[in-house]
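Taken together, the values in this text are just the output of simple stated rules run on the coordinates, not laboratory data. Note that the structure is a prediction, hence the values are computed from the model and not measured. All Cβ positions, glycine included, derive from the backbone under ideal geometry; neighbour counts span all protein chains shown.
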Amino acid sequence: MTTPATGIGPFDLTGRVALITGASRGIGRAIAIALAHAGASIAAMSRTASDNESLVAEIGPEHAIAISGDVNSRADNERAVAETVAHFGHLDIYVPVAGTNRRKKIVDVTEDDYDFVVGTNLRGLYFGCQAATKAMTPADGSARAISGKIITVGSLASVQGVAPGMSAYAASKGGVALLTKALAVELAPTNIQANCIAPGFILTDLNRNFIGVEPRKTWVLSRIPAGRFGAPADVSPTAVFLAGGASDFVTGQVIAVDGGFLAGSDWNQGA
Ligand SMILES: NC(=O)c1ccc[n+]([C@@H]2O[C@H](COP(=O)([O-])OP(=O)(O)OC[C@H]3O[C@@H](n4cnc5c(N)ncnc54)[C@H](OP(=O)(O)O)[C@@H]3O)[C@@H](O)[C@H]2O)c1
């Protein structure tokens with residue numbers, strides 16, 4: 001089966017160019033590798049040059065470039081898009097994955113904590129989407145021949161409070177979900193689809209020392225019907241679906257990849 005616009009399979013990303021922020025580790029790295037396996041060329045952005053370079057080496061330097069930058073800087077977001085277009089000629093898929101967290105009860109959250117979390121997760125993502133949208137939209141504002149894709153990364157906290165200590169994170173991730181829907185509406189006429197992946201509990205550097213240790217480990221696992229934490233590779237195939245022609249009529253969605261967490265409610269507790 002091929003899609004009419006491209007003549008290639010709906011999950012085939014050959015010829016498409018993806019820029020991924022937070023690509024150096026965890027979920028972003030898995031998404032970069034999965035998109036590369038599906039045929040896309042990859043621009044990988046994060047702050048740590050050595051991690052970016054190791055990803056480029058893993059994918060192959062003919063198919064990937066590394067960009068050092070901080071998503072908190074609007075100028076860095078614009079430079080990342082410009083470097084991607086300068087190297088590969090165009091941008092088709094933008095995946096802002098870079099994110100962070102500081103878990104604190106709201107009474108303890110400082111202005112610095114708030115700016116750090118919301119600045120990275122929402123402000124940085126917002127201006128990254130702005131720069132990417134400019135690059136993906138034809139100069140005359142007409143519809144793209146081949147679809148453009150924005151794939152944001154939200155969280156369970158995009159749709160629920162999850163646990164105490166998540167106020168700044170939830171404020172940012174709730175914003176990510178609704179920003180994605182607003183972009184879906186605004187960009188549909190130009191054939192750009194915007195969707196949000198909401199990962200559940202995925203073991204990465206971001207949370208290994210939090211959910212991976214007792215007593216939280218037991219608390220979290222008891223609420224995941226699948227009975228296990230997710231891995232970054234559990235999340236990345238959904239990004240492949242959202243990056244290709246397979247999802248050209250899917251836009252404005254928040255898709256949980258969570259082992260059933262949002263479908264249940266203390267399911268294991270009463271069993
Ligand atoms: N793990 C989970 O259970 C989970 C669940 C739901 C949602 N998420 C979301 O998924 C995304 C990735 O999380 P993860 O667990 O994979 O985290 P991770 O392993 O800590 O990786 C975070 C990535 O973001 C980059 N990054 C952080 N701040 C940045 C900045 N200011 N500018 C540029 N890059 C930055 C990091 O690279 P550098 O440090 O080198 O910059 C790294 O590549 C985040 O948005 C997170 O909120 C994760």
Checklist line | Label point 7 Å beyond Cα of ARG123 along Cβ direction - residues of segment 73-114 with amide nitrogen under 16 Å | finding: 73-78, 99-102, 110-114
Next item on the list: Mind putting a number on the dipole of segment 17-260 about its Cα centre? Charges go on the C-beta only, +1 for Lys and Arg and -1 for Asp and Glu, and I need it in Debye to the nearest 20.
Entry: 680
Margin query: In 5 Å bins starting at zero, report the fraction of Cα pairs in segment 17-260 per bin as a rounded %.
Written below: 1, 7, 14, 19, 21, 17, 11, 6, 3, 1, 0, 0
Notebook entry, point to check: So how much slack lies between SER142 and LEU178, counting 0.36 nm per residue of separation and subtracting their Cα-Cα distance, in nm?
Noted result: 10.5 nm
Check: If the chain between PHE249 and ALA86 were fully stretched, how many nm would it gain, using 0.36 nm times the residue separation less the Cα-Cα distance?
Finding: 55.7 nm
Next item on the list: Write out the trypsin sites (Lys or Arg not before Pro) in segment 213-245 meeting two conditions: DSSP loop, and at most 16 other Cβ atoms within 10 Å of their Cβ.
Entry: ARG228
Notebook entry, point to check: Hey, can you list the DSSP H helices of the chain whose Cα span along the axis is 20 Å or longer and whose average Kyte-Doolittle score is at least 0.0?
Noted result: 167-187
Next item on the list: Starting from the amide H of ARG144, placed 1.01 Å from N in the peptide plane, find each other amide H under 5 Å away whose residue is 5 or more places distant or on another chain.
Entry: ASN191
Notebook entry, point to check: GNM, the chain, Cα, under 10 Å: largest mean-square fluctuation among GLY259, GLY89, GLY200?
Noted result: GLY89
Item checked: Segment ARG208-GLU58, extension gain: residue separation times 0.36 nm, minus the distance between their alpha carbons -> 51.6 nm
Margin query: If packing is taken as the average number of other Cβ atoms within 10 Å across a peptide's residues, how do 9-20, 27-38, 75-86 rank, most packed first?
Written below: 27-38, 9-20, 75-86
Check: What FRET efficiency, computed as 1/(1 + (r/R0)^6) with R0 = 22 Å and r the Cβ-Cβ distance, is obtained for LEU262 and ASP113, rounded to the nearest 0.05?
Finding: 0.25
Next item on the list: Could you work out which residue, out of SER50, SER155, SER247, moves most in a Gaussian network model of the chain, that is, has the largest mean-square fluctuation with Cα springs under 10 Å?
Entry: SER50
Check: Relative to a virtual label point 7 Å from the Cα of SER50 in the Cα→beta-carbon direction, which members of segment 188-215 show backbone nitrogen distances below 20 Å?
Finding: 205-206
Item checked: Residue-averaged 222 nm ellipticity for the chain, from DSSP H runs of 4+ at -39500 (n - 2.57), nearest 500 -> -11500 deg cm²/dmol
Next item on the list: Just the ratio, please: alpha-carbon radius of gyration of segment 1-150 over 2.2 N^0.38 Å, N its number of residues.
Entry: 1.10
Item checked: GluC sites (Glu not before Pro) within segment 2-69: DSSP coil, no more than 10 neighbouring Cβ in 10 Å -> GLU62
